[in-house]
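None of the figures in this text is laboratory data; all of them are computed from the coordinates on show. All values derive from a computational prediction rather than experimental measurement. Cβ coordinates were reconstructed from backbone atoms using ideal geometry, including for glycine residues, and neighbour counts include every protein chain displayed.
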Amino acid sequence: MNLLREELSWITPELCLTLFACVALLVDLFVQKGRESVMVGFFSLMGLLATAFFLYRQYGVTPPAQPVFGCMVVDPFSTLFKLFAVGALAFVVLFTMLSRQTRPDGYGEFYFILLCAGLGAFFLASTYNLLLMYLGLELLSIASYILAGYAKGNRRSGEAAMKYVIFGAVASGVMLYGFTLLYGMTGSIDLTVIGPKLRDQFALDHGTIPISVATGLCLAGFAYKISAAPFHFWTPDVYEGAPTPVTTFLAVASKGAGFAALLRFLQAGFIPDRTLGGPEAMMGYSDKLGTLVAVLAALTMTLGNLAALGQTNLKRMLAYSSIAHAGYVLMGVATMNREGFSSVLFYLVVYYFMNLGAFGVVMYYANTTGDEQIDDLKGLGWRSPLVAITMVAFLVALVGLPPTAGFIGKWFLFTAAVKKGFLWLAVVAGINSAISLFYYFRVARAMWLRPEEEAKYATVHASPAFAALLLVLAVGTVWFGVGFDSLLRYCDYSQNLLR
Amino acid sequence: MPFLPLIPLLPLAGALACGLLHLQVLRARRHHADARPAEGLIGTIATLAVAAAFALSLERFFALAGSSGERVLTWRATDVWIPTGGPAIPFGFRFDALSSVMCLVITGVGALIHLYSIGYMKGDRGFARFFTYLNLFVAAMLVLVLADSMPVLFIGWEGVGLCSYLLIGFWYEEMKNAEAGQKAFVVNRVGDFGFLLAMFAAAYWTGSFEFTGVNSAVEGGKLATWQTTVLGLLLFVGACGKSAQIPLYVWLPDAMAGPTPVSALIHAATMVTAGVYLVIRTHPIFDVSPIASGVVACTGAATAIFAGSMGLVARDIKKVLAYSTVSQLGFLFLGAGVGAYGASFYHLVTHAFFKALLFLGAGSVILALHHEQDLFKMGGLRRALPGSYRTMWIGAAALAGLPLFSGFFSKDEILAGVLGGRPVFGIPGLNWVLYAVAAATALMTSFYTFRLIYLAFEGEPRGHEHPHPNPTVITLPLVVLAVASVAAAVLGLPFGISHALQHWLEPVIGEPQGHLSHSAEILLLVGSGVIALLGFAIARATYGGGLAKAEARAAARPALYNALSARWWIDELYDATVVRAVRLTSFIAGLIDAFVIDGLVNGAASLAKRGAASARRMADGSTQTYALWFGAGMVVVVASLVLLR
Amino acid sequence: MGLAGYLIVAAILFALGIACTVARKNVIYVLMGIELILNAANLNLVAFSRFVGGLDGQIFAIFSIILAAAEAAVALAIVLNVFGLFDSIRPDDPDLMKE
């Protein structure tokens, strides 16, 4: 009984989140019509705050890696990703409360589903069990399908949901098929067991064809979640069609969770312990996998950037931009070593700040004008200088220029890739960064041009709450470009204990 | 607090103060659309910040001069600014012979230009914003020259690029200005990319991000020749972008869209010389790689004559000066390429003085004529603007290289360096070719400089009868710079009379390579003087009487008069040879510009455009196409894992 | 019949499922294709559980079936919504967003 209680205590954040998701659903029943968004949103925020508190208590736990129920693990790696998810959820909830786009009836369920999706992200980040990984993925995905189509009666939203559900279901089915093959080869669904078993198989040198098929299928599934080319096609359509807060959630929390699961998957099963030394065949396979990921990375960033060039819709442009960024992050994954993985973590945190901010501005702007075209941004710099200035900070970070965190994050990714010998990849990424300058720049320029008709849009000052949110994000974006030491150390530290 | 970091921090603080004042103005404009910034206060703060940095640099300079031994002051904030798996990146400054002079020039000329700007920008709605950027620029430029490692230099490098972009597009409400800014920004990114690659390559091969580490590794022969060549070429790509060399020069003439003080400070005196500074700073790399240094020298020479020929026909007063700047920067690279670092740096310093002077003078003319920039619509300003006339004449004489002005000596030193320096690409004969190119450029320089002076100041007014006179804040910097343009000569007089600058720089750049005999030196000196005077004479003969006379003569020239007048003979000769040659050169240059350079740029652009279109078309909106892509991707991923070894 | 037989049947089902999702011009059939993919995986799980080891596979299969049901429910609701908005259940018809 004591053992049970102790293990339960390790999943208090998950329990807390579940509890508050249910509370959100209940509160919705008792709140008077028209006030759901505010009230339920408030309770959701409380829940997230409590969850964050419990997560914070696990922040520096000893012993650092705590297995729970034999299928989850609480370690700095998962805690970082969970904090990441909670923060993103909090911003999404706040954006939703402030957004006019998503204010029809039935908003209690919206928060409920959002929190459930967050729970899925939690599981993805902290499990090394294939079953739970699949469950977490599906929880996150199914919730996301619903959220994408949440704007009832909106044709774009409906279309987005349909594209998402078909693409997502195929992808998760394929991944599941890959999981079953891994299970068949090793007789286990536990990555900590699968890893050594695979090592034995490599040592026997039976050839790597079954392993290749299994990993290839799993990789396709992960690639869909993080929208890496050529598995990215759903991304622009879904991001454009979904309500903006949902898009924010998909671009930040969902993608982050996908990366977390991918890293754990690779780390547990496919990275030989260099100090112990694995079988020769395993080393070779690991490098091959890395090269494949590197090719995917190059493809992803190039396709994303090129397609972003000609976009006129701001949200769609940011969707392609987020694809390109997935490509940059994959650079770190391709190294298949500790340094690369910690640069991935670092970049994801940076990515979190700049994308939340950029999407936040899009939402503000869509609220004000009911429109998402880049050209109509004209004069935003004059009407709402604060919003425009923070947007410039986010854009500069997205390009990857100093002194923002975007620069430092890219710097670590580049160094990791170059050290691993992927000089060509770094060159491709450099060229891509240069290309990206064009379309980010267009947004910045549009904001500071005077509109032809001064009074086309009434001046709407950002509400103080919203301005404060944007400022927090902008400060974070710049802050991690200067004082990144502790974050870097934490990212590195969490690598120690992965598995 | 040590003094060294204060040098860039002072202008940075100035920028902050001005920025806050600008925000205050913006807030005031919410209520009164016409709220004015407190110009006196802002101007004083900004100018004093830079002047204080100058005083501080001067103090440090004397401390440096008084110190014994290696003669370098250093400051380290941290040894591990950015930890990498390999060599750590430190954050620190290095105040040595080279950076000390750069600091003095930047803050000295910068302070004068700040003072001038108070008059020039008077009444502009963005007065505070202007000084914010200008101060920020000075701070970034100081970081650039003080940096002791490549990443720190890169901060300054990007900072000056940003400020340059912001200031070119300062009057961004006009599309043309905003586009000029964008062009500068994008072209500079190409150079930055080269610089970044060079930085990584240097750190990878030498194990250090610091200049001392990289230089000593190169000097110690740790790198193979191909490695130094790659390193040198990459660095030069970076230098090309910042210093507007072929093929990345295109942004600088357009950059004249910015306010004139900006052109003087950033696009003539300081920022554009950063590329040359970088080459001198990393000179051991170029010393050991004949290919890299040869490329530097040849690109410099080609840019010099190319831009010079463009300057001959330009009508916009600022465009003439812009082409002239590109051309003179080519000279600097030519000098650096043949190993005459001292001469190159000497010309860099004198050029900073007289080109800033010319730009500021041009600004005073433009201001007096209510923003008229067309030389053909000026004329006769000599009486209306005597101060501008006299000082600009001195600046022109220095730029043209008339004997006894500073430009004469510094340009001559580069020319002598080309002949006496190391053989370009290891082929001795090439130096003579480059010398010929440089001499021809010097002739052009002298001609178009005085063409500018005569068109603007002599003859009858064409279009603007009543220019308004300039205030003291505008004329005072002109006078100071004019004095400097003459006095700077003492930094390096020939025949060993004064080699002050060369000696001062020796800890950094070493002994000058190669020596010419005294008689050869005299010959060259006389040659340079004759070339400059010849250009001056041609310009005087053609435009001395003002534009109307020159045109009248060109239209109806009696043959007898032609034959009798020696001046006409020169004119004819000029017409037959120089003009044709120039037209041909301009024509070829135009062709190169249109087909090769635009072609490269446009080719890359259209490639990107086509790639972008096909990347977009891949997403055709159909759900099942996406599913198909997924299936195909899955098959390819699995197949490549199975099949590839 | 040995393990290989089950695996071959599962692989065929998997391929059929992929083909069905890519080729059929009716969203309902596309969803059925997805079911085929999932059931191929379930067949694998049960077969491996029987021949290789442990109950893990069977438990996994049960979870997977439940999830497939949940996914199908959501997908059908979404398709219904799309039918209301676009008056069509061809998967290619809704293409407001592209390029």
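Scan around B:I89 for amide H atoms under 5 Å from its own, H built in the peptide plane at 1.01 Å from N, and keep only partners 5 or more places away or cross-chain.
Those qualifying (amide H under 5 Å, at least 5 residues apart or on another chain) are B:W81, B:I82, B:T84.
In the neighborhood of A:F42, defined by Cβ-to-Cβ distances under 13 Å, what is the net charge if each Lys or Arg adds +1 and each Asp or Glu adds -1?
Numbers: positive: A:R35; negative: A:D28, A:E36.
Net of charged neighbours comes to -1.
Mind listing the phi-derived Karplus ³J(HN,Hα) values for the range B:55-63, rounded to whole Hz, using 6.51, -1.76 and 1.60 with θ = phi - 60°, and x for any glycine or proline?
Rounded to whole hertz, the list is 4, 5, 4, 5, 4, 5, 4, 5, 4.
Determine the sum of side-chain charges near B:L481: Lys and Arg each +1, Asp and Glu each -1, restricted to other residues whose C-beta is under 13 angstrom from that of B:L481.
The answer is +2.
Send over the per residue convex hull volume for chain B, Cα only, as a whole number of Å³.
With only Cα atoms used, chain B gives 203 Å³ per residue.
When 1/r is averaged over all different Cα pairs and the result inverted, which Kirkwood radius in Å belongs to the range B:212-369?
Every distinct Cα pair counted, the radius reaches 15.8 Å.
A:V193 versus A:D485, label points 7 Å from Cα toward the beta carbon: distance in nm?
Distance between label points: 4.6 nm.
Enter the mean projected area of the convex hull around the alpha-carbon atoms of the range A:288-499, in nm², rounded to one decimal.
Approximately 11.7 nm², given one-decimal rounding.
Take the alpha carbon atoms of the range A:237-265, find their center, do the same for the range A:140-188, and report the distance between the two centers in whole angstrom.
Value for the Cα centre distance between the two parts: 12 Å.
What does the extension gain come out to for B:R617 and B:F376, with contour length at 0.36 nm per residue minus their alpha carbon separation?
The span from B:R617 to B:F376 would gain 81.6 nm if fully extended.
Hey, what did chain B get for relative contact order, percent, Cα under 8 Å, at least 6 apart?
Reported as a whole number, the value is 12 percent.
For Cα pairs less than 8 Å apart in space and 6+ apart in sequence, what is the mean separation divided by the residue count of chain A, i.e. the relative contact order in percent? Could the numbers behind the result be given before it?
Details: 799 pairs, mean separation 71.7, N = 499.
It comes to 14 percent, rounded to a whole number.
What does the charge count around B:G417 come to, taking other residues whose C-beta lies under 15 Å from its C-beta (Lys +1, Arg +1, Asp -1, Glu -1)?
Neighbourhood net charge equals -3.
Could you tell me the relative contact order of the range A:361-494? Use alpha-carbon pairs under 8 Å, at least six residues apart, and round to a whole percent.
39 percent
First measure r as the distance between the Cβ atoms of A:L8 and A:L49, then evaluate 1/(1 + (r/R0)^6) with R0 = 25 Å and state the FRET efficiency to the nearest 0.05.
After rounding to 0.05, the efficiency reads 0.75.
In nanometres, what is the gap between the two model label sites at B:M175 and B:L534, each 7 Å from Cα along Cα-to-Cβ?
Once both label points are built, they end up 4.7 nm from each other.
Starting from the eigenvalues of the Cα gyration tensor, five times each then square-rooted, give me the equivalent ellipsoid semi-axes of the range B:379-482, largest first, whole Å.
37, 15, 8
Work out how far the C-alpha atoms of the protein assembly as shown reach from end to end along every principal axis, then list the three figures in whole Å, largest first.
For the protein assembly as shown, the Cα extents along the three principal axes come out at 115, 67, 62 Å.
Can you divide the C-alpha Rg of chain A by 2.2 N^0.38 Å and report the result to two decimal places?
0.94
Which far-off residues, 5 or more places away or on another chain, put their amide H under 5 Å from the one on A:Q66, with H placed in the peptide plane?
Excluding prolines and chain starts, which carry no amide H, the hits are A:V74, A:D75.
Relative to the compact-globule scaling 2.2 N^0.38 Å, provide the ratio for the alpha-carbon radius of gyration of the range C:3-86.
1.25
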